[in-house]
Amino acid sequence: MRIDNLSSSMGTVVATGWEPSGLSGAEVEDGEAYHRALYHDGDTDRPVNWHKNSVERLIEMAIPHISDGALVVDYGSGTGGSAIEMLKSLDERGIEIELILIDPLVSWFSKARELLDHRDGVHFELSIQKDDSGRTSFRRLDEILGGRKADVIISSSTLHLIPAKTIGDLALQFAGSLKEDGAFVWDSGDLESDLRPEISALLHDPYRAVRELLRHDDRRTAKLSQMSVDEKEGHERRLDQIFPSPMPVEVVVRALSEAGFSSEMNDKIIPFSREDAESFALVPRLAEIASPLQVGNERDGAIKGALETALNSISDEGKGTEGEYRSYWVFGCHRLNK
């Protein structure tokens with residue numbers, strides 16, 4: 001058992017790869033807040049229920065494809081929540097792996113590095129790069145892996161954030177970065193499906209509702225009126241992308257099929273408590289949906305009020321109760337067709 005090796009308080013750094021530098025206080029706070037949205041008081045032994053219940057199914061699907069010495073890639077690692085839970089499960093089985101975490105968001109990824117800094121066999125790769133002109137782009141997966149092939153690629157709560165127009169190319173990257181007998185395993189709580197029961201909502205439905213409720217908030221509109229037309233339009237477009245409109249799960253499955261994968265799909269309804277929903281919505285990066293309201297009490301208060309209204313509406317629609325909403329999750333395990 002090496003679960004205690006998840007602690008960042010242990011001696012020498014043994015993780016390799018990307019390291020954060022020059023983080024602002026706001027970036028540190030953002031990473032810490034998202035981590036605490038996944039773990040009670042930031043304690044990695046106490047995952048909140050929605051995180052535990054979603055990643056648990058993901059790990060159950062991935063474990064049969066992982067053996068001692070395997071190369072596993074976590075694509076879209078965030079603050080490391082899925083990696084932490086997977087390493088716990090592998091430690092219990094006495095399986096040691098090489099794990100590569102990949103993410104573009106410095107504030108969240110820095111927290112993952114902090115949490116797993118002292119874990120051997122863990123490597124970090126920032127997935128964005130800047131060219132000489134300062135333009136940002138995503139690195140190709142084969143370049144990140146240096147031509148190596150993974151035994152398993154996992155991706156938790158990430159694919160719904162990939163634009164539909166680029167999901168096909170990403171699927172091809174996954175296919176090109178796996179061994180012949182490898183597997184791609186993923187989950188998402190924010191893809192639309194005809195199979196979603198009427199008693200459930202999508203993961204981000206409450207937060208999209210908060211965005212709409214605050215779109216014409218008097219305090220927001222007063223601040224927006226001080227911007228130029230172009231500045232205001234750009235600002236609002238950016239906010240709309242924090243919780244984008246959900247795409248159909250068929251878009252993802254079709255892209256993976258066209259990339260040469262077979263598909264095994266299942267789903268699950270996962271309760272999401274109001275307390276956890278509030279913690280999630282107040283993560284600074286996500287709370288930007290209330291911008292340009294002032295960071296602090298003004299922004300937090302507006303979000304809390306709108307979230308209560310949104311969750312009450314979801315409850316009235318039969319998709320939740322006074323204490324939680326029911327989020328609908330989809331899980332996929334894909335193998336390359338031979």
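Among the strands (runs of 3 or more DSSP E) confined wholly to the range 88-148, which include 3 or more residues that are farther than 12 Å from Gly17 by Cα?
Values: elements: 98-103, 122-126, 128-130, 136-138.
Filter on the range 88-148 gives 128-130, 136-138.
For the range 152-194, the tally of residues that are out of contact with any His (no Cβ under 6 Å at 6 or more places or on another chain), assigned to a strand (DSSP E or B) and among the aliphatic types (A, V, I, L, M) stands at 4. Looking across the range 202-217 at every residue that is in contact with a helix residue (DSSP H, G or I) (Cβ under 7 Å, 6 or more places away or on another chain) and of a type outside the set (Lys, Arg), the one that is farthest from Val249 (Cα to Cα) is identified as Asp217.
When the residues of the range 241-298 are narrowed to those that are of a type in the set (Asp, Glu) and closer than 18 Å to Ala201 by Cβ, which ends up surrounded by the fewest Cβ atoms within 10 Å (Cβ to Cβ)? Talk me through it step by step, then tell me what you get.
Let us first name the residues in the range 241-298 that are of a type in the set (Asp, Glu), namely 250, 258, 264, 267, 275-276, 278, 288, 298.
Cutting the leftovers down to closer than 18 Å to Ala201 by Cβ gives us 267, 275-276, 278.
Values: Asp267: 19, Glu275: 11, Asp276: 19, Glu278: 17.
For the range 241-298, the residue satisfying everything is Glu275.
For the range 66-87, the criterion of being crowded, with 19+ Cβ neighbours inside 10 Å, acidic (Asp, Glu), assigned to a helix (DSSP H, G or I) and without any contact (Cβ under 8 Å) to a residue 40 or more places away in the chain is met by at least one residue. Against the conditions (1) under 19 Å from Asp267 (Cβ atoms); (2) of a type in the set (Asp, Glu); (3) out of contact with any helix residue (DSSP H, G or I) (no Cβ under 6 Å at 6 or more places or on another chain), where does Asp181 fall short? Just the number, please. It fails just one condition, (1). Taken over the range 218-243, residues that are touching a helix residue (DSSP H, G or I) at 6+ places or on another chain (Cβ under 7 Å), within 22 Å of Leu159 (Cβ to Cβ) and part of a loop (DSSP other than H, G, I, E, B) amount to 2.
Would you confirm whether any residue within the range 4-27 is at pLDDT 95 or above, crowded, with 16+ Cβ neighbours inside 10 Å and either within 23 Å of Asp187 (Cα to Cα) or of a type in the set (Asp, Glu) (or both)? Among the residues of the range 4-27, at least one is at pLDDT 95 or above, crowded, with 16+ Cβ neighbours inside 10 Å and either within 23 Å of Asp187 (Cα to Cα) or of a type in the set (Asp, Glu) (or both), which makes the answer yes. Scanning the range 102-134 for residues that are under 17 Å from Thr158 (Cα atoms) and surrounded by fewer than 18 Cβ atoms within 10 Å (Cβ to Cβ) yields Pro104, Ile128. Looking at Leu170, Leu145, Leu99, just one residue is surrounded by 23 or more Cβ atoms within 10 Å (Cβ to Cβ), in contact with a strand residue (DSSP E or B) (Cβ under 9 Å, 6 or more places away or on another chain) and touching a residue at least 12 places away in the same chain (Cβ under 8 Å), and that residue is Leu99.
If you go through the range 296-338 and keep only what is within 21 Å of Asp190 (Cβ to Cβ), assigned to a helix (DSSP H, G or I) and in contact (Cβ under 8 Å) with a residue 40 or more places away in the chain, you end up with Ile303, Ala306, Leu307, Thr309, Ala310, Leu311, Ser313, Ile314. Scanning the range 152-185 for residues that are among the polar types (S, T, N, Q) and over 15 Å from Leu141 (Cβ atoms) returns Ser156, Ser157. Among the numbered conditions (1) in contact (Cβ under 8 Å) with a residue 60 or more places away in the chain; (2) part of a helix (DSSP H, G or I), the only one that Glu250 does not meet is (1).
Scanning the range 205-227 finds no residues that are of a type in the set (A, V, I, L, M), under 25 Å from Arg57 (Cα atoms) and modelled with pLDDT of 95 or more.
Among the candidates Asp151, Asp194, Asp181, Asp169, single out the residue that is more than 25 Å from Glu233 (Cβ to Cβ), at pLDDT below 95 and charged (D, E, K, R).
On the way: Asp151 fails: at pLDDT below 95; Asp194 fails: at pLDDT below 95; Asp169 fails: at pLDDT below 95.
Step by step, each of Asp151, Asp194, Asp181, Asp169 is checked, and only Asp181 is more than 25 Å from Glu233 (Cβ to Cβ), at pLDDT below 95 and charged (D, E, K, R).
The values are calculated or read from the model by the stated rules, or taken from the named source; none is laboratory data. Only a predicted model underlies this, so the values are computations on that prediction, with no experimental measurement involved. Note: ideal-geometry Cβ built from the backbone for every residue, glycine included; neighbour counts use all protein chains shown.
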